[in-house]
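Asker: My structure is below; once you've seen it, I'll send some questions.
Nothing in this text is a laboratory measurement; each read-out follows from the coordinates by a stated rule. On a predicted model such as this, the values are computed, not experimentally measured, just so you know. Glycine gets a Cβ as well: all are built from the backbone with ideal geometry, and neighbour counts include every protein chain shown.
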Amino acid sequence: MRAEPASLELRIDYRFSHAELLRRALTHSSLANESHAGVSSPLNDNEQLEFLGDSVLGFLVAEALVRRFPEYREGELSRLKAHLVCAAHLHGVARRLDLGGYLELGRGEEMSGGRAKKTLLVNALEAIIGAIWLDGGLEAARGFVAAHVLDAPFSGDEEAGTDIQPAIANFRMALEELAQAHKLPQPSYSIVREQGPQHSKTFTVEVRVGKEWTGQADGRTKKIAAQRAARGVYERLRQEASPDSPPAEDGAGSST
């Protein structure tokens, strides 16, 4: 049984002034085609809203990145944006909102498991962004994107979005690329210690890039700890080993 759209409004913390927009955002073309004997108007399904939402999402993500990382160059911003708007990340957002339970599908799509299909969920999420923009304007859309896309956990990193960076960037990969660009050894990782009971451990991971650049960080998994450690060294290396900066002194890159 399909869940009531009103409960989705509670999940996304936004109440539509025009309920029809939300209904349309959740309506797949398979139902529109069946309901109108194969002659469906673009106003009967979510494809136009998806088209709009995709553009709104891209703009709002780009805007947020420029505001939050004014020191980043275009290439770095593009890489972060790609993480945020990729299907894998948006699919995770849609699943956390349980969008599949709210979709209106045609019988054939329903029978083929459409409620769990990645493409349908991502499209519906983008359609909702478009619907919010039409219903409440830019600020409403900006609030939704900030809460549910920008600061959401990124499925590839298993990291909660306490700020934007851990949620959107693979810092291990970024550190490898930066080390290579500066002709430094590739990063090496080691587990320094494990603390806590078996069901709730905290791991401390150390990363080293050559002799000078080191860092440690904690995390509830080894992967999260490694990402955090890589992030710290990556950010210092960007600042201190840039072509316009003087070489770091021995030990300048070390921290715990």
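Asker: How big is the charge dipole of the range 171-240 about its Cα centre, in debye rounded to the nearest 20, if each Lys and Arg gets +1 on its Cβ and each Asp and Glu gets -1 on its Cβ?
Answerer: 160 debye
Asker: Sequence neighbours fewer than 8 away in the same chain don't count; with that in mind, list the lysines whose C-alpha is under 20 Å from residue 183.
Answerer: Leaving aside lysines fewer than 8 places away in the same chain, those within reach of residue 183 are 211.
Asker: Which order do the peptides 9-16, 90-97, 202-209 take when ranked by the mean count of other beta-carbon atoms within 10 Å per residue, highest first?
Answerer: The most tightly packed comes first, giving 202-209, 90-97, 9-16.
Asker: In addition: Under a straight-distance cross-link criterion of Cα-Cα below 16 Å, which lysines are reachable from residue 201, leaving out those fewer than 8 residues away in the same chain?
Answerer: Those lysines meeting the cut-off are 222, 223.
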